[in-house]
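Some notes on the structure that comes next.
The values are calculated or read from the model by the stated rules, or taken from the named source; none is laboratory data. Keep in mind that what you see is a predicted model, and the values were worked out from it rather than measured. Here the Cβ positions follow ideal geometry from the backbone for every residue, glycine too, while neighbour counts run over all protein chains shown.
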Amino acid sequence: MAKKKIIVNNELFESYIDEKKIQARIRQLGKKISKDFEGKTPIFIGILNGAYIFFADLIRRITIECEVDFMKLSSYGDSKITSGNVHLLKDLNSQVKNRHIIVVEDIVDTGLSIDFIKRILNAHQPASVSVVSLLVKPKSLKIPTEVDYIGFNIPSEFVLGYGLDYAQKGRNIPSIYKIAKQ
Ligand code: 5GP
């Protein structure tokens, strides 16, 4: 049984989305994406670091032929607020021209990272670019952002666990916690 409250970097977090619920939603997403991309051999591109656990679980629910690759962007640093400055730290190894691309994100907050990634990918003339994100904070979006497959829409509160960190801590926690109201 997961703890109801935990402390990470001296801040209190409360249990939010448990492992069972996360896995059930991932099974549904895997089924839907597999159906939508039948016969297309898409390339799944995981965005490091935050999406690595979601990516690993999602990809094992994909039942069609596919390939994988990774991109790494600069992160929040050690803060809980997005800096708005996005940089590419690791580019793709794959050739994406004329290929169907599925970007796998952990969370979409302002939408700036996804916008940045889509612009880089579109410059390589892929056949299509779709986005799957485990979490989306719809009220935090600063630019119109289309997320094709959403695990959970959540309020604009800071979350960690299941790959998501707070100043690099908490990525190993198996479920998702949100910052506790003081
Ligand atoms: P955006 O560019 O959409 O503002 O932010 C996307 C990135 O910010 C995510 O991939 C993630 O790394 C980080 N991020 C946004 N919201 C949260 C959050 O609530 N918790 C954590 N740990 N990271 C977040």
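For (1) in contact with a Ser or Thr (Cβ under 8 Å, 6 or more places away or on another chain); (2) within 17 Å of residue 72 (Cα to Cα), each residue gets a yes or a no:
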site	(1), (2)
144	no, no
149	yes, no
153	no, no
171	no, yes
Identify the residue in segment 52-73 that is acidic (Asp, Glu) and out of contact with any Ser or Thr (no Cβ under 6 Å at 6 or more places or on another chain) and, among all such residues, is surrounded by the fewest Cβ atoms within 10 Å (Cβ to Cβ).
-> 67
Within segment 113-149, restricting to residues that are more than 13 Å from the ligand (Cβ to nearest atom) and hydrophobic (A, V, I, L, M, F, W, C), the one that is surrounded by the fewest Cβ atoms within 10 Å (Cβ to Cβ) is 123
Could you say which residue among 101, 143, 117 is over 19 Å from residue 23 (Cα atoms), of a type in the set (A, V, I, L, M) and in a helix (DSSP H, G or I)?
-> 117
All-but-one check, residue 156 against (1) within 10 Å of the ligand (Cβ to nearest atom); (2) at pLDDT below 95; (3) loosely packed, with under 14 Cβ neighbours inside 10 Å, failing number (2)
Segment 89-109 residues that are at negative phi, paired with ones that are among the acidic types (Asp, Glu) and more than 12 Å from the ligand (Cβ to nearest atom) (beta carbon under 8 Å, 6 or more apart) = 92/69; 93/69; 94/67; 94/69
Test result for residue 86, in contact with a Ser or Thr (Cβ under 8 Å, 6 or more places away or on another chain), surrounded by 12 or more Cβ atoms within 10 Å (Cβ to Cβ), part of a loop (DSSP other than H, G, I, E, B) and at pLDDT 95 or above | no
Would you be able to say whether some residue in segment 9-31 is more than 14 Å from the chain's Cα centre (by Cα), hydrophobic (A, V, I, L, M, F, W, C) and surrounded by fewer than 14 Cβ atoms within 10 Å (Cβ to Cβ)?
-> yes
Pick from segment 32-51, criterion among the aliphatic types (A, V, I, L, M) and farther than 19 Å from residue 161 by Cβ, ranking: surrounded by the fewest Cβ atoms within 10 Å (Cβ to Cβ) | 43
Does residue 109 count as closer than 20 Å to residue 90 by Cα, surrounded by 15 or more Cβ atoms within 10 Å (Cβ to Cβ), of a type outside the set (Val, Ile, Thr) and near the ligand (Cβ under 8 Å from one of its atoms)?
-> no
Can you name the number of the only condition in (1) more than 14 Å from the ligand (Cβ to nearest atom); (2) modelled with pLDDT under 95; (3) surrounded by 21 or more Cβ atoms within 10 Å (Cβ to Cβ) that residue 94 fails?
-> (3)
Which numbered condition residue 106 fails, given (1) modelled with pLDDT under 95; (2) in a strand (DSSP E or B) = (1)
Which pairs do you get when a residue that is surrounded by 11 or more Cβ atoms within 10 Å (Cβ to Cβ), found in segment 166-182, comes within reach of a residue that is part of a loop (DSSP other than H, G, I, E, B) and of a type in the set (Phe, Trp, Tyr), reach meaning Cβ atoms under 7 angstrom, with the pair 6+ apart or on two chains?
-> 173/162; 174/162; 175/162; 176/162; 178/158; 179/158
